[in-house]
Amino acid sequence: MRYKTGLYGGSFNPLHLGHVDCIIRAANLCEQLFIVLSHGLNRQEIPLRVRYRWLYQLTSHIGNVTILTLEDIAPTKAEYTRDCWEQDAAAVKAQVGCPIEVVFCGDDYGEDSFWNICYPESELIIFPRNEISSTEIRKDPYAHWDWLPNKVKPWYVKKVLLMGGESTGKSTLTINLAHRFNTNYVDEAGRELSEKSGTDLMMLSEDFTEILLQHKLNEIHALEYSNKLLFIDTDALVTQFYMGFLEDPDIEKNAALSDALDALNTYDLILFLEPDVAFVQDGDRSPVIRADREKYSRQIKDLLVRHHRNFVSVSGSYEERYCQAVHLAEKLLSPA
């Protein structure tokens, strides 16, 4: 161990593997390493608490790392001037509370950086960053996916929701799309939970509650391991439709829960599968819905409209649906 106290900082917007390498090497060289997380209040950066969690999750096992936060009001990095530098350096030194023997930075900063100029009493060590750049990641995160730590990737995952009435092929298409894009998916929680009484016609109110909560938890967990895209089979609004159709005994409370979950849900793309393929009786599908598929499909659409959800209708043969969905999903991964 060469140094008692060291300092490494940045905006980590986003945190990438170049940062991670620098942090590990800096922590190896110090008894205590302070990481300074800079946050521009007016620069539309990734939320401070999100970046703080990334840093914590990737350093908590090390044992000699402390994370500090530093905020500024400069609208752009170019307007973060020398006066700001010196003021903020004083604030950092006050937070550390002891002499800073060494300051670390990546080679994207160079000799004339904030770290060298504002910490003249500290030794400066510059680590190579292997051309990994937060700026390039922000331009096209999917082209630089391998630069992102696994803890960071969920921030960039695009969520695709598939909706529609019974026997429109959405469950099969959800799985096919997940296989096509080498990622995972969220299955319809209600498929299993609705059969606790052997038939969905005899569901208890708490069954709907469990479906709503379980489906959301499944989505949260799946997001942690997704590869750029996450495909989701149905959501809270579809469950709300079935509450009415299956006469939930306590529909008001579950509808309020469904609305609350819908308010939390965000999707990058909603695909609505039209009922223009053959109806296939698979398990306990409703003969009532089969008799008037357009009617019940419109009811689900009406729920989407009332909740201000934009969606894209997908129709045609199974092959046509698949090709449409793949095209729309690929567009999500294109640079803005």
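Quick notes on this structure:
- Residue pairs meeting the criteria (Cβ under 9 Å; at least 6 apart or on separate chains; first more than 21 Å from Ser171 (Cβ to Cβ), in the stretch 253-276; second in a loop (DSSP other than H, G, I, E, B)): Asn254/Asp248; Ala255/Asp248; Asp259/His307; Ala263/His307
- The stretch 1-22, residues that are at pLDDT 95 or above and part of a strand (DSSP E or B): Tyr3, Lys4, Thr5, Gly6, Leu7, Tyr8
- Identity of the residue in the stretch 55-67, in contact with a Leu (Cβ under 7 Å, 6 or more places away or on another chain) and not in a helix (DSSP H, G or I), that ends up farthest from Ala27 (Cα to Cα): Ile67
- Failed condition for Asp108, given (1) touching a residue at least 60 places away in the same chain (Cβ under 8 Å); (2) closer than 16 Å to Phe12 by Cα: (1)
- Single residue of Ser297, Ser286, Ser194 found to be touching a Pro at 6+ places or on another chain (Cβ under 8 Å), open to solvent by less than 60 Å² (accessible area, probe 1.4 Å) and not hydrophobic (A, V, I, L, M, F, W, C): Ser297
- Considering Asn176, Asn182, the condition of being at pLDDT 95 or above, outside any helix (DSSP H, G or I) and closer than 19 Å to Arg321 by Cα is satisfied by Asn182 alone.
- Residue that is farthest from Glu71 (Cα to Cα) [pool: residues in the stretch 26-45 that are out of contact with any Phe, Trp or Tyr (no Cβ under 6 Å at 6 or more places or on another chain) and assigned to a helix (DSSP H, G or I)]: Asn28
- Residue that is farthest from Glu121 (Cα to Cα), among those in the stretch 23-44 that are at pLDDT below 95 and touching a strand residue (DSSP E or B) at 6+ places or on another chain (Cβ under 7 Å): Leu41
- Scanning the stretch 197-215 for residues that are surrounded by fewer than 20 Cβ atoms within 10 Å (Cβ to Cβ) and either within 14 Å of the chain's Cα centre (by Cα) or in a loop (DSSP other than H, G, I, E, B) (or both) yields Ser197, Gly198, Thr199, Leu204.
The values are calculated or read from the model by the stated rules, or taken from the named source; none is laboratory data. Values in this document were obtained by computation on a predicted structure and should not be read as measured data. Using ideal geometry, Cβ is built from the backbone for each residue, glycine included, and neighbour counts are taken over all protein chains shown. Just so you know, the surface numbers come from the protein's heavy atoms only, side chains and all, with ligands and any DNA or RNA stripped out. Shrake-Rupley method; radii C 1.70, N 1.55, O 1.52, S 1.80 Å.
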